[in-house]
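The values are calculated or read from the model by the stated rules, or taken from the named source; none is laboratory data. Fair warning: this is a prediction, and the values are worked out from it, not measured in the lab. Glycine also receives a Cβ, built like all others from the backbone with ideal geometry; neighbour counts cover every protein chain displayed. Each accessible area value is taken on the protein alone, full model and side chains, heavy atoms only, with ligands, DNA and RNA left out. Shrake-Rupley method; radii C 1.70, N 1.55, O 1.52, S 1.80 Å.
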Amino acid sequence: MPEPTRLINDDHGLLAGELEKLWTGGEWLEGPVWVPGTRSVRFSDIPNNRILEFDRATGDTHVYRDDVEYTNGRTLDLDGRVVQCSHGRRAIEREVDGAVEVLVERWEGGRLNSPNDVIVASDGAIWFTDPPYGIQESGREGHPGVEEYGGCFVFRLDPASGIASPVITDLAHPNGLAFSPDEQLLYVTDTGLEGDAGHIRVYQSGTGEGRAFATPPGTADGLRIDAAGRVWTSAGEAVQVFSPDGELLLDLPVPEVVSNLCFGGPDGTELYLTASSSLYRVGTTTTAAVRPAR
Ligand code: MG
């Protein structure tokens with residue numbers, strides 16, 4: 001029997017236009033970020049150990065860098081520089097024109113597992129998740145290794161001291177993360193919960209006190225927050241949007257499993273999706289949350 005077609009239910013008017021496939025040919029794409037200076041979307045093709053860039057003006061996608069030590073999630077710091085996760089280096093690093101500077105790779109004497117996703121707060125602190133997907137036996141997404149500090153935590157890297165401290169320690173495999181617009185709340189996905197993959201939890205920022213927020217039907221990996229505080233999340237073969245109260249506002253089917261997403265484009269209203277082998281885009285009626293002024 002054919003699969004029933006899922007209709008897009010956009011009663012809240014969050015979308016503007018159709019979902020477009022921009023490029024295909026990757027193996028497992030992740031870590032999209034809009035780079036304003038080049039008007040491009042930079043993203044990882046983790047198993048192929050390369051970084052790709054979609055040039056919005058030409059519509060072309062090219063290899064930005066090869067042999068990149070299995071990068072995953074990325075974001076921009078307060079100066080607009082790319083900060084990204086490296087499975088291979090087991091580190092958070094800053095990358096400028098191909099030059100990589102490691103920002104953190106250890107906690108209390110043990111190496112990190114394989115940082116997965118990263119965000120930068122308005123005070124310049126770098127927050128990141130550290131599940132073990134890049135040190136698994138297969139070597140598909142990094143170099144096989146062991147968990148050295150004995151957990152999978154969410155860390156905050158203090159910009160002044162350069163020291164990382166665990167903030168959240170009660171998740172199995174913390175993965176995507178994003179702040180509410182006022183940075184009072186931190187949303188984190190957990191892709192390691194038995195029988196309940198795709199769980200999104202929400203924490204009082206800076207504390208380990210969290211609660212269940214939403215459980216999309218497919219795995220929630222990367223997520224982003226818009227200017228109204230809505231949560232845009234990967235949800236298996238879909239993007240779902242939740243209100244800050246946890247109400248499902250939009251269910252957008254995507255032909256492939258979505259790993260992550262980012263807002264971008266000249267006016268910030270375009271949503272780019274990394275989904276398995278392909279990069280997609282859909283117009284929206286919102287933009288990413290702006291960091292609060294300091
Ligand atoms: Mg991820």
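Look at segment 65-92 and say how many of its residues are over 19 Å from the mean Cα position of the chain (by Cα) and without any contact (Cβ under 8 Å) to a residue 24 or more places away in the chain. Break it down stepwise before answering.
Residues of segment 65-92 that are over 19 Å from the mean Cα position of the chain (by Cα), as a first pass: 65-67, 79.
Right, trim to without any contact (Cβ under 8 Å) to a residue 24 or more places away in the chain and you get 66-67, 79.
Matching residues across segment 65-92 total 3.
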- Within the bounds of segment 275-282, is there any residue that is open to solvent by less than 10 Å² (accessible area, probe 1.4 Å) and within 16 Å of the ligand (Cβ to nearest atom)? yes
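For every residue, the table says whether it meets (1) without any contact (Cβ under 8 Å) to a residue 12 or more places away in the chain; (2) under 18 Å from Tyr272 (Cα atoms); (3) not β-branched (Val, Ile, Thr).
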| residue | (1), (2), (3) |
| --- | --- |
| Ile51 | no, yes, no |
| Phe54 | no, yes, yes |
| Arg111 | no, no, yes |
| Ser122 | no, no, yes |
| Asp130 | no, no, yes |
- Could you tell me which numbered condition Val96 fails, if it satisfies all but one of (1) open to solvent by 50 Å² or more (accessible area, probe 1.4 Å); (2) within 16 Å of the ligand (Cβ to nearest atom)? (2)
- Of all residues in segment 211-228, which are touching a Lys or Arg at 6+ places or on another chain (Cβ under 8 Å) and either in contact (Cβ under 8 Å) with a residue 12 or more places away in the chain or surrounded by 15 or more Cβ atoms within 10 Å (Cβ to Cβ) (or both)? Ala212, Phe213
- Message: I need a count of the residues in segment 153-177 that are open to solvent by 10 Å² or more (accessible area, probe 1.4 Å) and within 16 Å of the ligand (Cβ to nearest atom).
- Response: 4
- Message: Of all residues being aliphatic (A, V, I, L, M) and assigned to a loop (DSSP other than H, G, I, E, B) in segment 178-217, which is farthest from the ligand (Cβ to nearest atom)? Just the residue, please.
- Response: Leu193
